[in-house]
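Novice: To start, I am sharing the structure in question, which I have written as structure tokens.
The values are calculated or read from the model by the stated rules, or taken from the named source; none is laboratory data. Every value quoted in this text rests on a predicted model; they were computed, and no experiment measured them. Note: ideal-geometry Cβ built from the backbone for every residue, glycine included; neighbour counts use all protein chains shown. Surface accessibility is based on the protein's heavy atoms, side chains included, excluding ligands, DNA and RNA. Shrake-Rupley method; radii C 1.70, N 1.55, O 1.52, S 1.80 Å.
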Amino acid sequence: MRGYFAVGAEGISKPMNLGAILRTAHAFGASFAFSVSAHHRVTDVYQSDTAKSATHVPYYEWPDIDAMALPENCQLVGVELTDEAIDLPAFRHPLCAAYVFGRERGSLSEEMQARCQHIVKIPTKFCVNVSVACAITLYDRTLNFGGYPERPLMPGGPGASAGGPGKKFGAHR
């Protein structure tokens, strides 16, 4: 796949959540990570980010939205549970994107939402943890660009058919 993506959070206050976001971004191959108006001590981040992702993925701390400096062709995608947002499963991800998530006890600011080219939502009954939202979004991006074959019609992995169970990986006997 060509293109790139980044992951960030606005107003994040819990170091463990930021650490989980950084680790998830690193695991999925993010080009960089960022925070905007974060309230945390970076040293605490390593308690949840044992991969020390900031040493492998560039990490930018911007004090406010005006200081954000995304690449010119990068589309900002806000992930927020709003009525107007696009359901994530129906969203075509931009080739070059920066995904921004809101604070733990609130939403993306109106100013941040106004800066976004797209607002998407994970179709859940209520908000999930910000680091979980990050993982779901990046997994969806992977499916969007991953080049995986279509899923079989019957339960199971590739090769599943009406006459057999298909491949079973790690099945308990």
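Novice: Does residue 7 fit the bill of being surrounded by 14 or more Cβ atoms within 10 Å (Cβ to Cβ), at pLDDT 95 or above and touching a helix residue (DSSP H, G or I) at 6+ places or on another chain (Cβ under 7 Å)?
Specialist: Against the criterion (surrounded by 14 or more Cβ atoms within 10 Å (Cβ to Cβ), at pLDDT 95 or above and touching a helix residue (DSSP H, G or I) at 6+ places or on another chain (Cβ under 7 Å)), residue 7 qualifies.
Novice: Based on what the data block shows, is residue 93 under 13 Å from the mean Cα position of the chain (by Cα) and in contact (Cβ under 8 Å) with a residue 40 or more places away in the chain?
Specialist: Numbers: under 13 Å from the mean Cα position of the chain (by Cα): yes; in contact (Cβ under 8 Å) with a residue 40 or more places away in the chain: yes.
The answer is yes for residue 93.
Novice: Cβ-Cβ under 8 Å, sequence separation 6+ or interchain: first residue in the stretch 71-89 and surrounded by fewer than 16 Cβ atoms within 10 Å (Cβ to Cβ), partner assigned to a loop (DSSP other than H, G, I, E, B). Which pairs?
Specialist: 82/107; 87/123; 89/123
Novice: Okay, next question. If I ask for residues that are more than 18 Å from the chain's Cα centre (by Cα) and among the hydrophobic types (A, V, I, L, M, F, W, C), which ones from the stretch 104-162 would you list?
Specialist: Listed by number, the residues that qualify are 114, 153, 154, 160, 162.
Novice: Residue by residue through the stretch 53-110, note down the ones that are hydroxyl-bearing (Ser, Thr, Tyr) and part of a helix (DSSP H, G or I).
Specialist: Hits for the stretch 53-110 are 53, 55.
Novice: All but one of (1) open to solvent by less than 80 Å² (accessible area, probe 1.4 Å); (2) more than 20 Å from residue 74 (Cα to Cα) hold for residue 149; state the number of the condition that does not hold.
Specialist: The single condition residue 149 does not satisfy is (1).
Novice: In the stretch 128-148, is there at least one residue being of a type in the set (D, E, K, R) and without any contact (Cβ under 8 Å) to a residue 40 or more places away in the chain?
Specialist: Pass one, the stretch 128-148, residues of a type in the set (D, E, K, R): 140-141.
Those still in the list that are without any contact (Cβ under 8 Å) to a residue 40 or more places away in the chain too: none.
Among the residues of the stretch 128-148, not one is of a type in the set (D, E, K, R) and without any contact (Cβ under 8 Å) to a residue 40 or more places away in the chain, which makes the answer no.
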